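Q: My questions will all concern the structure given below.
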Amino acid sequence: MGIKEVQVKRPIVGVFVSRAVIQKLKKQLNDFRSYIRIKQLADASQEAEVTIYYFSARAVDLEGETVKGIYWDTEHQKWKSKRYPLPDVLYDRRGAGRTRKARERALQVRAFLDEKKVQKINSVSYFNKWDVYEHLSRAPETSRYIPDTRFYERRKDLRSFLGKHDQVYLKAVRGGRGKQVVRVVELEDKTYEICHFVDQIYVGKAESIAELNSEVRSFFDGRPFVMQKAIDLLQIENSNVDFRAELQRNGKGRLEILGVSARVGQQKAPITIHSSAFPFESFLRQYQLIPEHEIPSLTKKVRHFLRTAYHALEDIYGTFGEIGIDFGIDKNGDIWFIEPNAKSAKVSFQKAYDSAAFQRAFLNPLEFAKYLYDKERKKRRHSR
């Protein structure tokens, strides 16, 4: 079937994923981590009445300006492939890539789609943590939410920062799922406890600042990272609690807070990944972390913070159809920004909320894609 024979509904939304995901879909596999989200999005496209296909960087024909996409065939209940036009709207769900060649090809494809003026659900595909902290700490409306954060450049930086804070977090400027986060605690005997999570929790000890620097530099292996003051987070039985909020724009371009999930980490863990999750208000009530009469006021403060942070990020980077925002609340009830995520996996949201809310999280981006597409068409008509 030629490209001109393909009958599609507009807009066409191209979902950028890794080659590994495409290979699994071609094999009709459904037992990998992101499958449920891929299938939910495909199902949501029926309700939104848009065309979506999944593609990897290799699937884009730069000269022919076409894409070999994977789509869900509802009649035969299986994944199929066919050649499509370039998308009208890009939904970038692709990770960084494991090899330099894969990363370079992904950058080339993104640059090509930008050149072709393909609209994007999110203006950028990932956040550089240091760039985010720098901007938000300077903005009057968000500065009070940002913990003291510094960029690590040389060995003496860590000694200096630990001189100000006896517990700090070290975070790669680009990293996900908590795998590039280290917690350092200075102990009373001037040694240092080191804790991180890769496949399991690791707790070690450095006898000196020199040994600490060596361990830290080895862990990050040349990747740039920031140093951040630890937040005295709310805790349950010595387990840290933080929060992931899912914010999206809907089919009218309006910002919605879909939900806020409380995440309870494992004991000693520096992060709350692989944790249990609960809806924000019911969590506060269940564990009685704050008095009942203060919950409405705190909820209002949190919603104000989330909207403020979202708009501030848009002021820096451009429009977003969705952002996952991680934040903490300390034992004084103050709210602290942890980090934004341009490709939220919505894992905590799925654990904490019902299936209708989860489905909404996949419908909104497609409705927003329609909003962007229609807005651009109107703009073009008026400019003629």
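Q: Could you provide, to the nearest whole Å², the per residue accessible area of the chain with probe 1.4 Å?
A: Value for the chain: 51 Å² per residue.
Q: Okay, moving on. Sorted by average packing, counted as other Cβ atoms within 10 angstrom per residue and highest first, what order do 307-314, 322-329 take?
A: Those peptides, ordered most packed to least, come out 322-329, 307-314.
Q: Which one, ILE209, VAL226, VAL184, is farthest towards the positive end of the dipole of segment 157-254 when Lys and Arg carry +1 and Asp and Glu -1 on their Cβ?
A: Checked the options; the winner is VAL226.
Q: Here's a follow-up. Given segment 162-260 reduced to its alpha-carbon atoms as identical point scatterers, what log10 I(q)/I(0) does the Debye formula return at q = 0.15, 0.18, 0.21, 0.22 Å⁻¹?
A: The Debye formula, applied to the Cα set alone, gives -0.72, -0.93, -1.16, -1.24.
Q: Could you work out what % of the accessible surface of the chain is carbon and sulfur, using a 1.4 angstrom probe and leaving DNA, RNA and ligands out of the count?
A: The computed percentage sits at 45.
Q: Continuing with this model, one more query. What percentage of all Cα-Cα pairs in the chain are separated by more than 30 Å?
A: 44
Q: Next question. For segment 1-129, what percent of Cα pairs sit more than 26 Å apart?
A: 16
Q: Which whole-number percent of Cα pairs in segment 138-209 have a distance greater than 21 Å?
A: When every Cα pair of segment 138-209 is considered, 35 percent fall beyond 21 Å.
Q: Can you classify segment 280-384 as rounded, prolate or oblate using the Cα gyration tensor, where a ≥ b ≥ c are the square roots of its eigenvalues, rounded means a/c under 1.5, and otherwise it's prolate if a/b beats b/c and oblate if not?
A: prolate
Q: Shifting gears a bit: Which links in LYS300/LYS378; LYS27/LYS116; LYS252/LYS301; LYS171/LYS252; LYS9/LYS117; LYS26/LYS343 stretch past 28 Å when you go from one Cα to the other?
A: Table pairs above 28 Å Cα-Cα are LYS300/LYS378; LYS27/LYS116; LYS171/LYS252.
Q: Could you work out the relative contact order of segment 119-175, using alpha carbon pairs under 8 angstrom and six or more residues apart, expressed as a whole percent?
A: 42
Q: Relative contact order of the chain: what whole-number percent is it, with Cα pairs under 8 angstrom and at least 6 residues apart?
A: About 17 percent, as a whole number.
Q: Still on this structure, I have one more. Go ahead and estimate [θ] at 222 nm for the chain from helices alone: -39,500 (n - 2.57) per DSSP H run with n ≥ 4, summed, over the residue count, rounded to 500.
A: It comes out at -11500 deg cm²/dmol, rounded to the nearest 500.
Q: So what's the net charge close to ASP114: Lys and Arg +1, Asp and Glu -1, counting the other residues with Cβ under 13 Å from its Cβ?
A: +2
Q: Run the dipole for the chain about the Cα centre, Lys and Arg Cβ at +1, Asp and Glu Cβ at -1, nothing else charged, and hand back the magnitude in debye, nearest 20.
A: 1840
Q: Turning to a different aspect of this structure: Test of the criteria: in segment 115-168, which GluC sites (Glu not before Pro) are in a DSSP loop and have at most 15 other Cβ atoms within 10 angstrom of their Cβ?
A: Those satisfying the criteria are GLU141, GLU153.
Q: Right, here's the next one. Between ASP354 and SER160, what length comes free when the chain is fully extended (0.36 nm per residue of separation minus the Cα-Cα distance, one decimal in nm)?
A: Additional length available on full extension: 65.2 nm.
The values are calculated or read from the model by the stated rules, or taken from the named source; none is laboratory data. Computed from a predicted structure; not experimentally measured. Here the Cβ is made from the backbone with ideal geometry for all residues, glycine too, and neighbour counts use every protein chain on show. For the accessible areas, the whole protein counts, side chains as well, though only heavy atoms, and no ligand, DNA or RNA atoms are used. Shrake-Rupley method; radii C 1.70, N 1.55, O 1.52, S 1.80 Å.
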